[in-house]
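Engineer: After the structure tokens below, expect a handful of questions from me.
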Amino acid sequence: VKPQVMLLATGGTIAGAGATAANSASYQAAKVPVDKLIAGVPELAGVAQVRGEQVFQIASESFTNEHLLTLGQRVAALAVQADVQGIVITHGTDTLEETAYFLHLSVHTDKPVVLVGSMRPGTALSADGALNLLNAVTVAADASARGKGVLVVMNDEIHTGRDVTKMVNIKTEAFKSPWGPLGMVVEGKSHWFRAPVKRHTTGSEFDITRIRTLPRVDIAYGHGNVGDTAYKAFAAAGAKAVIHAGTGNGSVAAGVVPALRELRAQGVQIVRSARVVGGGFVIRNAEQPDDQYDWVAAHDLNPQKARILTMLALSQGADSKTLQRQFMEY
Ligand SMILES: NC(=O)C[C@H](N)C(=O)O
């Protein structure tokens, strides 16, 4: 008997539909229901017994913290069911990396949890969703994927949900991991080359089973001629932390430093990350005296992933020391 895999559908381009087969970029996301996604790939039956559930039907740019919590709690509930061997989540690609990291940090399971999307709608020529879905179910049904945290399968590659990021749009090779993919999935077989070393899933201290909301955390972008307006506005709107998507090594413009020190004095956490594409790396006390200002360095996490970790940390009352430790451990 084939392993049982739950398919949680949330929308995105993998469930998208365009007017003609030539529409690879102009289409509506989140149109095709989960049973049609499954019926569209008859080869799935050769890999697993797939059961579908429509959790949301949205484009992923519209994901909110409430969506994250609802999905995370559903995945956690399914993961404890003895009749579920693996879980696949179909998801829009725009914020897929955020949801993947959120689940990687908050769902306490050894079972494979695999996120998948597509860059072209199913109606387009050379649509990539069907093979991506088959590959994702292949990995989720594979015992060798256990214990590796939340995974992302796109374009024949298996990535860790921690590292992977959408680096390119339009093209089907959109997802990359700064430290490389974990493996490949080819013709129904997973091939592994490395495993994550940071804490995740069963090794995580984060718990979302009892929380209903996540604290507000916003991202402000660094650039030439930048001012402090956005940082102050976010704090005034209730942000408990502001992620600085900093230039270069997470550098902060001289004109912005006083406002960030003032916000920190008011209790807002300041997290320095880097806006660079392809693998940022922010080191504590390099560029800015984090010890003196009581700021946090995001290390290699990009701004959107830094936001996810910070929300989970603050939901459990982390102070700046704890938050910094968590940035190094997760
Ligand atoms: N390729 C995609 O899935 C993009 C779409 N905007 C989404 O994230 O839902």
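The values are calculated or read from the model by the stated rules, or taken from the named source; none is laboratory data. This is a predicted model, so every value here is computed, not measured. Neighbour counts are summed over all protein chains in view; Cβ atoms, including those assigned to glycine, are modelled from backbone coordinates with ideal geometry. Surface accessibility is based on the protein's heavy atoms, side chains included, excluding ligands, DNA and RNA. Shrake-Rupley method; radii C 1.70, N 1.55, O 1.52, S 1.80 Å.
Engineer: What dipole magnitude, in Debye to the nearest 20, does segment 203-291 give about its Cα centre under +1 on Lys/Arg Cβ and -1 on Asp/Glu Cβ?
Structural biologist: Values: 10 positive and 8 negative charges, 50 e Å.
Once rounded to the nearest 20, the dipole reads 240 debye.
Engineer: Okay, next question. Calculate, in nm to one decimal, what THR20 and ASN225 gain on full extension: separation in residues at 0.36 nm each, minus their alpha carbon distance. Each step should come with its number before you reach the end.
Structural biologist: Details: separation 205, 0.36 × 205 = 73.80 nm, distance 4.38 nm.
In short, 69.4 nm is gained.
Engineer: Starting from the alpha-carbon convex hull of segment 139-266, give the projected area averaged over all orientations, in nm². Can you show the working numbers first?
Structural biologist: Working: hull surface 45.7 nm².
Mean shadow area of the hull around the Cα atoms is 11.4 nm².
Engineer: Calculate, in nm to one decimal, what VAL276 and ASP319 gain on full extension: separation in residues at 0.36 nm each, minus their alpha carbon distance. Don't skip to the end; give the middle numbers.
Structural biologist: Working: separation 43, 0.36 × 43 = 15.48 nm, distance 2.69 nm.
Between VAL276 and ASP319, full extension yields an extra 12.8 nm.
Engineer: Sort segment 255-315 into rounded, prolate or oblate with this rule: let a ≥ b ≥ c be the square roots of the eigenvalues of the Cα gyration tensor; rounded if a/c is under 1.5, and if a/c is not under 1.5, prolate when a/b is larger than b/c, oblate otherwise. Walk me through the intermediate numbers first.
Structural biologist: Working: a/c = 1.92, a/b = 1.24, b/c = 1.55.
Oblate, because a/c is 1.5 or more while a/b does not exceed b/c.
Engineer: Quick one: what does P(r) look like for segment 214-330 with 5 Å bins over all Cα pairs, in whole %?
Structural biologist: Distribution as computed: 2, 13, 27, 28, 21, 8, 1, 0 percent.
Engineer: If you don't mind, there's one more thing I want to ask. Size of the dipole of the chain about the Cα centre, Lys and Arg at +1 and Asp and Glu at -1 on the beta carbon, nothing else charged, in debye to 20? List each step's numbers first, then the result.
Structural biologist: Details: 31 positive and 29 negative charges, 46 e Å.
So the magnitude is around 220 debye.
Engineer: Continuing with this model, one more query. Once amide H atoms are placed 1.01 Å from N in the peptide plane, what residues at a sequence separation of 5 or more from ILE158, or on another chain, have their amide H within under 5 Å of its amide H?
Structural biologist: HN-HN under 5 Å from ILE158: LEU182, GLY183, MET184, VAL185.
Engineer: In addition: Taking segment 76-171, which trypsin sites (Lys or Arg not before Pro) meet the DSSP loop condition and have no more than 15 other C-beta atoms within 10 Å? Before the final figure, lay out the partial values.
Structural biologist: Values: sites: ARG146, LYS148, ARG162, LYS166, LYS171; in loops: ARG146, LYS148, ARG162, LYS171.
Listed in order of number, the matching sites are ARG146, LYS171.
Engineer: List the GluC sites (Glu not before Pro) in segment 124-219 that DSSP assigns to loop (not H, G, I, E or B) and whose Cβ has at most 11 other Cβ atoms within 10 Å. Which are they?
Structural biologist: Working: sites: GLU157, GLU173, GLU187, GLU205; in loops: GLU173, GLU187, GLU205.
Here the sparse-neighbourhood loop sites are GLU187.
Engineer: Can you pull the three principal axis extents for the Cα set of segment 22-109, in Å, largest first?
Structural biologist: Here the Cα extents, ordered largest to smallest, are 43, 34, 17 Å.
Engineer: Enumerate the amide H contacts of VAL107 below 5 Å, restricted to partners 5 or more residues apart or on another chain; note that Pro and chain-start residues carry no placed amide H.
Structural biologist: Placed amide hydrogens put THR201 under 5 Å from VAL107.
Engineer: What net charge is computed for the residues neighbouring PHE234, neighbours being all others with C-beta under 14 Å from the C-beta of PHE234, Lys and Arg scored +1, Asp and Glu -1? Spell out each step's value before the answer.
Structural biologist: Values: positive: ARG216, LYS232, LYS240, ARG264, ARG307; negative: ASP218, ASP228, GLU262.
That sum, taken over residues with Cβ under 14 Å, equals +2.
Engineer: Also, quick follow-up: So for the chain, taking the charge dipole from beta-carbon charges (+1 Lys/Arg, -1 Asp/Glu), which of GLN288, LEU125, ASN169 sits furthest toward the positive end?
Structural biologist: GLN288
Engineer: Let me spell out the model: positive unit charges on the Cβ of Lys and Arg, negative unit charges on the Cβ of Asp and Glu, origin at the Cα centre of segment 152-253. What dipole size does that give, in debye rounded to 20? Numbers along the way, then the final one.
Structural biologist: On the way: 13 positive and 9 negative charges, 57 e Å.
It comes to approximately 280 debye.
Engineer: Also, quick follow-up: Among ALA274, GLN57, TYR231, which residue has its Cα furthest toward the positive end of the charge dipole of the chain, with +1 on Lys/Arg Cβ and -1 on Asp/Glu Cβ?
Structural biologist: TYR231
Engineer: Where only protein heavy atoms count, and the probe is 1.4 Å, what is the accessible area per residue for the chain in Å²? It would help to have the intermediate numbers written out before the result.
Structural biologist: Working: 13560 Å² over 330 residues.
Result: 41 Å² per residue.
Engineer: I've got another one for you. Which residues does the label zone of HIS108 cover in segment 140-164, counting backbone N under 19 Å from a point 7 Å along Cα→Cβ?
Structural biologist: Answer for this model: 147-150.
Engineer: Further question: Semi-axes of segment 194-283's equivalent ellipsoid from the Cα gyration tensor, sqrt of 5 times each eigenvalue, largest first, rounded to whole Å?
Structural biologist: Each semi-axis is the square root of five times an eigenvalue, giving 26, 20, 10 Å.
Engineer: In µm²/s, what is D for segment 187-232 at 25 °C and 0.890 mPa s, where D = kT/(6 pi eta Rh) by Stokes-Einstein and Rh is the Kirkwood radius from Cα pairs?
Structural biologist: Working: Rh = 16.2 Å.
Reported coefficient: 151 µm²/s.
Engineer: If you average 1/r over every pair of different alpha-carbon atoms in segment 104-167 and take one over that average, what Kirkwood value in Å do you get?
Structural biologist: Numbers: mean 1/r = 0.0815 Å⁻¹.
Kirkwood hydrodynamic radius for segment 104-167: 12.3 Å.
Engineer: Largest first, please: the extent of the C-alpha atoms of segment 84-217 along each principal axis, to the nearest Å.
Structural biologist: 44, 34, 29
Engineer: Quick one: which of LYS166/LYS189; LYS148/LYS176; LYS111/LYS198; LYS36/LYS166; LYS232/LYS321; LYS36/LYS171 span more than 20 angstrom between C-alpha atoms?
Structural biologist: Details: LYS166/LYS189 24 Å; LYS148/LYS176 18 Å; LYS111/LYS198 17 Å; LYS36/LYS166 26 Å; LYS232/LYS321 23 Å; LYS36/LYS171 25 Å.
Pairs exceeding the cut-off: LYS166/LYS189; LYS36/LYS166; LYS232/LYS321; LYS36/LYS171.
Engineer: How large is ³J(HN,Hα) for each residue in segment 279-284, as worked out from phi by the Karplus curve 6.51 cos²θ - 1.76 cosθ + 1.60 (θ = phi - 60°), to whole Hz, x for Gly and Pro?
Structural biologist: x, x, 8, 10, 9, 4
Engineer: Within segment 309-330, which residues have the backbone N less than 19 Å from the label spot 7 Å out from ARG212 along Cα→beta-carbon, could you tell me?
Structural biologist: Answer for this model: 312, 315-317.
Engineer: Tell me what the chain gives for mean residue ellipticity at 222 nm when only DSSP H runs of n ≥ 4 count, each as -39,500 (n - 2.57), the sum divided by the residue total, rounded to 500 deg cm²/dmol.
Structural biologist: Details: 9 runs with 88 residues, N = 330.
One gets -8000 deg cm²/dmol as the mean residue ellipticity at 222 nm.
Engineer: Rounded to the nearest angstrom and ordered from largest down, what semi-axes does the equivalent ellipsoid of the chain get from its C-alpha gyration tensor (root of 5λ)? Mind showing how you got there, number by number?
Structural biologist: Details: eigenvalues 247, 88, 61 Å².
Those come to 35, 21, 17 Å.
Engineer: Looking only at segment 1-116, where both bridge partners belong to it, what percent of the DSSP beta bridges are antiparallel (to the nearest 5)? Please report the intermediate quantities before stating the final value.
Structural biologist: Values: 1 of 17 bridges.
Among the beta bridges of segment 1-116, antiparallel pairing accounts for roughly 5 percent.
Engineer: Another one. Could you work out what % of the accessible surface of the chain is carbon and sulfur, using a 1.4 angstrom probe and leaving DNA, RNA and ligands out of the count? Please report the intermediate quantities before stating the final value.
Structural biologist: On the way: 7040 of 13560 Å².
The nonpolar share, carbon plus sulfur, comes to 52 percent.
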